[in-house]
1. May I ask you to say which residue of G20, G84, G30, G100 is over 18 Å from Q135 (Cα atoms) and touching an Asp or Glu at 6+ places or on another chain (Cβ under 8 Å)?
2. Does segment 50-67 contain at least one residue that is surrounded by 22 or more Cβ atoms within 10 Å (Cβ to Cβ) and either among the polar types (S, T, N, Q) or outside any helix (DSSP H, G or I) (or both)?
3. How about segment 128-148: which of its residues are out of contact with any helix residue (DSSP H, G or I) (no Cβ under 7 Å at 6 or more places or on another chain), within 17 Å of D108 (Cβ to Cβ) and surrounded by fewer than 17 Cβ atoms within 10 Å (Cβ to Cβ)?
4. Among what's in segment 1-42 and is at pLDDT below 90 and hydroxyl-bearing (S, T, Y), pick the residue that is nearest to I126 (Cα to Cα).
5. Before we move on, is S127 touching a residue at least 24 places away in the same chain (Cβ under 8 Å) and hydroxyl-bearing (S, T, Y)?
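The values are calculated or read from the model by the stated rules, or taken from the named source; none is laboratory data. Model, not experiment: these values are computed from the prediction. Don't worry about glycine lacking a Cβ; one is built from the backbone with ideal geometry, like all the others, and counts go over all protein chains shown.
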Amino acid sequence: MDKTELREWVRAWADVYPAGEDDPLAAFAGRDSLDHEALAVIVRWKFNNMAHREANATRYLAKEPERRIEDLTRRAFACNDDLGALLIVDVLRGVGPALGSSILMASDAERYTVMDVRSLKSLRAISLLAPGWPQASEREWVDYLAACRALRETTGEPLRRARERGPKENISSSKYGRYALSRSPRSQAATDKTIPSLVGTWPWRMA
């Protein structure tokens, strides 16, 4: 798949990515820290199809003092190192790399995007990411972000949804099922409600 084909494929998927997926997180953009209430929204958004993971994250985060949440998210958002930012936010109980990347993205979607198993698999399928650990992890984070940013440069699609243009999203991952490079988005959408995609500022977080 050359650059032109990749650009067309990604933009075709962007057209079927549902608008409004990121709306619950819009209030957190640019915030210098977050609190319990904000994290609860991000947890629900991230794990809304995985009740047990939502419950676990909620239970553990409830044990964190408000001041500690605000302090660690402030430190993470201010960190000028991508790996350092993820490591800081992951200190919070109940937060792993998948949820941690969601928290970072909620504050700065121009810099960060969500890391999940499907996005990792997708980027490897098009040779933008070397073979490695299949789950979202700190060890993959730096290379993962570099791959997402490279794909953004290739396709011209931003990491953050350009809301005024509809569901045109970052090209990092999938909320909607198995990655299928050989199938067009139109044929897939006609037969499968779980649409795979490399598009989505707010990818689902299946890590």
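1. G30
2. Keep residues of segment 50-67 that are surrounded by 22 or more Cβ atoms within 10 Å (Cβ to Cβ), which gives 57.
Now restrict to residues that are either among the polar types (S, T, N, Q) or outside any helix (DSSP H, G or I) (or both): none.
There is no residue in segment 50-67 that is surrounded by 22 or more Cβ atoms within 10 Å (Cβ to Cβ) and either among the polar types (S, T, N, Q) or outside any helix (DSSP H, G or I) (or both).
3. Selection gives A146 alone.
4. Across segment 1-42, the extreme among qualifying residues is T4.
5. Criteria not met by S127.
Let's see how each residue does on (1) touching a helix residue (DSSP H, G or I) at 6+ places or on another chain (Cβ under 7 Å); (2) assigned to a helix (DSSP H, G or I); (3) without any contact (Cβ under 8 Å) to a residue 60 or more places away in the chain; (4) buried (at least 20 other Cβ atoms within 10 Å of the Cβ):
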site	(1), (2), (3), (4)
R74	no, yes, yes, no
L86	yes, yes, yes, yes
V95	yes, no, yes, yes
L104	yes, yes, yes, yes
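Yes/no matrix, rows are residues, columns are (1) at pLDDT 80 or above; (2) more than 13 Å from the chain's Cα centre (by Cα):
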residue: V117; (1), (2): yes, no
residue: S127; (1), (2): yes, yes
residue: P131; (1), (2): yes, yes
residue: A136; (1), (2): yes, no
residue: E140; (1), (2): yes, yes
residue: L145; (1), (2): yes, no
residue: C148; (1), (2): yes, no
residue: R152; (1), (2): yes, yes
residue: G156; (1), (2): no, yes
